[in-house]
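A short write-up of the structure that comes next.
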Amino acid sequence: MNKVILTGGSSGIGKAINLFLLEKGYEVLFTYFHNEDSAKEIETQYNNAKAYQIDFKSPFEMDKFSAEIEAFSPDILINNYYNGTFIDTYFHKTETEKFLNDFKNNIIPTLQITQECITIFRKKKLGRIINILTSSLNSPAMGTSVYNSNKAYLQQMSKSWAIENVKFGITCNSILPSFISTDFHKDMDERMKETILSGYPLKENLESKDISNVIDLCINGGKHFNGNHIFLDASHY
């Protein structure tokens with residue numbers, strides 16, 4: 001297994017995972033939308049990297065990407081993409097359209113991509129699905145109801161992916177990291193970041209490289225390593 005589809009691979013945690021896999025020799029087809037400079041830099045640096053620009057909100061672009069996935073014929077899918085914010089506002093102040101739009105813009109594309117990959121994996125009798133979620137599902141911060149509900153949906157869905165496909169040599173595992181300050185949180189209040197980080201039980205806060213090490217386990221852990229939700233939070237919760 002050496003061909004990876006990675007959604008959201010040009011910044012933050014996704015970029016760290018991307019570089020980790022490329023250094024190990026995997027062939028990675030990764031998506032991006034806004035971070036073109038970063039994506040092109042990765043492509044220039046690694047001949048085993050292929051950047052694919054896509055707006056997941058566009059049905060036309062999703063159809064094109066599905067064809068790209070089929071042609072690429074991946075062995076591994078890493079669902080990392082999320083377009084939205086971690087902390088927004090209180091649940092009772094959140095507009096109904098916000099819940100609907102974030103679900104349509106994040107979860108529906110993830111489901112479509114995963115369906116496409118599972119179809120390919122079943123033909124190969126081999127495949128790996130890895131979902132990047134959040135340890136905030138266990139102890140949510142105030143204002144994270146939209147983000148957490150979407151991640152929780154994927155956590156539940158991954159249980160079905162694991163049980164329905166394991167007999168075809170396909171495993172599905174989820175990684176739930178604690179808070180990591182990345183570009184994804186650039187609009188977040190600095191005092192909130194400090195509050196979250198100060199509560200971490202270790203002196204060293206979680207880094208992207210820690211997630212990459214667990215990615216390796218999910219890929220190479222064997223067919224019995226399936227259906228796990230791996231929390232990277234130093235037993236914070």
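Scan the range 59-98 for residues that are of a type in the set (D, E, K, R) and under 22 Å from residue 32 (Cα atoms) and jot them down. Residues satisfying the conditions are 61, 63, 64, 68, 70, 75.
To keep it simple, each residue is scored yes or no on (1) open to solvent by less than 20 Å² (accessible area, probe 1.4 Å); (2) under 21 Å from residue 230 (Cβ atoms).
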{"site": "90", "(1), (2)": "no, no"}
{"site": "119", "(1), (2)": "no, no"}
{"site": "122", "(1), (2)": "no, no"}
{"site": "136", "(1), (2)": "yes, yes"}
{"site": "141", "(1), (2)": "no, yes"}
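Residues in the range 63-83 that are outside any helix (DSSP H, G or I) and either of a type in the set (D, E, K, R) or modelled with pLDDT of 95 or more (or both) were compared, and the one that is nearest to residue 9 (Cα to Cα) is 80. A search for C-beta distances below 6 Å between a residue of the range 1-27 that is within 11 Å of residue 38 (Cβ to Cβ) and any residue that is part of a helix (DSSP H, G or I) and at pLDDT below 95, counting only pairs 6+ apart in sequence or on different chains, returns 11/183; 12/183; 12/184. Of all the numbered requirements in (1) without any contact (Cβ under 8 Å) to a residue 60 or more places away in the chain; (2) touching a helix residue (DSSP H, G or I) at 6+ places or on another chain (Cβ under 9 Å), residue 71 misses one, and that requirement is (2). Residues of the range 8-31 that are closer than 18 Å to residue 216 by Cα and part of a strand (DSSP E or B): 27, 28, 29, 30.
When the range 92-113 is filtered for residues that are open to solvent by 60 Å² or more (accessible area, probe 1.4 Å) and assigned to a loop (DSSP other than H, G, I, E, B), only 95 remains.
Taking the range 32-54 as the range and being surrounded by 14 or more Cβ atoms within 10 Å (Cβ to Cβ) and part of a loop (DSSP other than H, G, I, E, B) as the test, the residues that pass are 33, 35, 46, 48, 54.
The values are calculated or read from the model by the stated rules, or taken from the named source; none is laboratory data. As the structure is a prediction and not an experimental result, all values here were calculated from the model. When we count neighbours, we look across all protein chains shown, and the Cβ atoms used for this are built from the backbone with ideal geometry, even at glycine. With ligands, DNA and RNA removed, areas are computed over all heavy atoms of the protein, side chains included. Shrake-Rupley method; radii C 1.70, N 1.55, O 1.52, S 1.80 Å.
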